[in-house]
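Right, one structure below, let's go through it.
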Amino acid sequence: MTKIKIKNLEFKNPLVLASGTFSFGDKFISVANQMGGIVTKGITLKPRMGNPSPRIYETASGILNSVGLENPGVDKFCTNILPELKSLKTNLIVNISGNSPQEFKALAQRLDDTEIDALEINISCPNIRDCNKMIGRDPKQTYKVVRAVRKQTKKIIITKLTANFIDPLITAQAANDAGTDAICLINTLYGIALDTKTGKPFLGGVTGGLSGPAIKPFALYCVWYVASRIKLPIIGCGGIVSAQDVKEYLLAGSKLVEIGSANLRNPYAGLEILKELNRLRG
């Protein structure tokens, strides 16, 4: 299989395990090592407890998740978790999340001296309580965050964008102007589930992020739309469950793809897709 490069970072195949769906990669090392890369669950400056339960709601052809960025914080990640990932033989990409350019700057500064391969800037998570302030819906804030990270690191930067109530081309252009090396499209979409007995939201965090095959046609459109208008490497994400899905994203203009909620149903989904992809290409 042809190797893919984003600047000086080489991927042995186009499959990357998406943030929030494979923990830190330490549970299924044998799977992660055969992928092109793995993105860790989101890391913030301080530890986060995440949203109250329930956190998952199954929908037709997808799921709503409302985890709320539960994580141990960047210091514990660097001290306790990162040393355990030395057996990873694939690209390690750390997803970082914050509420301001200053927080993203501090995260990039803390991680710059580590042996990780890249940073994924998460400005598009829809399952946090203050979702109305999502940075990725504002091109000016997108620029400020990416620029702040760019000034702190020479590592590869991937900016994960949203298509929630924003034209992703506008924020992709802002991220490009600020110095990102690639963009990831798309993150999950806003969703809500209501308890028919009480009339109240089912999820503990009230709203959630919709993922899975239900969002694939829209996510694929976003990739095609942006790829045809901006010269920037794109990582496609949304509803990938088969090699056929991967091929569609690559045809739409992606260089890589991220496999997300499929991992939650089957931690070996990435291997099965890779095997199928090799067979189709053979």
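The values are calculated or read from the model by the stated rules, or taken from the named source; none is laboratory data. Owing to the predicted nature of the structure, the values given are computational and were not obtained by experimental measurement. Every residue, glycine as well, gets a Cβ built from its backbone with ideal geometry; the counts of neighbours run over all protein chains shown.
Descriptive notes on the structure:
- Subset of the range 149-179 [over 17 Å from ARG229 (Cβ atoms), of a type in the set (S, T, N, Q) and surrounded by fewer than 20 Cβ atoms within 10 Å (Cβ to Cβ)]: GLN152, THR153, ASN164
- Residues that are surrounded by fewer than 16 Cβ atoms within 10 Å (Cβ to Cβ), polar (S, T, N, Q) and free of Cβ contacts under 8 Å to residues at least 60 places away in the same chain do occur in the range 266-280, at least one of them.
- Elements of type strands (runs of 3 or more DSSP E) in the range 56-153, at least 2 residues being closer than 23 Å to ILE235 by Cβ: 62-65, 91-97, 118-122
- Residues that are over 19 Å from the mean Cα position of the chain (by Cα) and within 30 Å of GLU10 (Cβ to Cβ) do occur in the range 153-165.
- Filter pass, GLY73 being more than 23 Å from MET35 (Cβ to Cβ) and touching a residue at least 40 places away in the same chain (Cβ under 8 Å): no
- Taken together, ALA227, ALA252 contain a single residue that is among the small types (Gly, Ala, Ser), in contact (Cβ under 8 Å) with a residue 24 or more places away in the chain, in contact with a helix residue (DSSP H, G or I) (Cβ under 6 Å, 6 or more places away or on another chain) and surrounded by 17 or more Cβ atoms within 10 Å (Cβ to Cβ), which is ALA252.
- THR40 vs. criteria crowded, with 22+ Cβ neighbours inside 10 Å and either out of contact with any Ser or Thr (no Cβ under 9 Å at 6 or more places or on another chain) or touching a residue at least 60 places away in the same chain (Cβ under 8 Å) (or both): no
- Test for CYS237: is it within 28 Å of ASP181 (Cα to Cα), buried (at least 23 other Cβ atoms within 10 Å of the Cβ) and touching an Asp or Glu at 6+ places or on another chain (Cβ under 6 Å): yes
- If you go through the range 176-218 and keep only what is assigned to a helix (DSSP H, G or I) and either touching a residue at least 40 places away in the same chain (Cβ under 8 Å) or at positive phi (or both), you end up with ASN176, PRO213, ALA214, ILE215, PHE218.
- If you check LEU194, LEU185, LEU203 for being within 14 Å of the chain's Cα centre (by Cα) and either within 21 Å of TYR57 (Cβ to Cβ) or buried (at least 24 other Cβ atoms within 10 Å of the Cβ) (or both), only one passes: LEU185.
- Any hit, the range 84-96, residues being within 27 Å of THR180 (Cα to Cα), out of contact with any strand residue (DSSP E or B) (no Cβ under 6 Å at 6 or more places or on another chain) and not aliphatic (A, V, I, L, M): yes
- Residues that are assigned to a loop (DSSP other than H, G, I, E, B), within 23 Å of ASN99 (Cβ to Cβ) and at pLDDT 95 or above within the range 22-40 comprise just one, THR40.
- When GLN244 is tested against the conditions (1) outside any loop (DSSP other than H, G, I, E, B); (2) in contact with a helix residue (DSSP H, G or I) (Cβ under 7 Å, 6 or more places away or on another chain); (3) surrounded by fewer than 24 Cβ atoms within 10 Å (Cβ to Cβ), the lone failure is (2).
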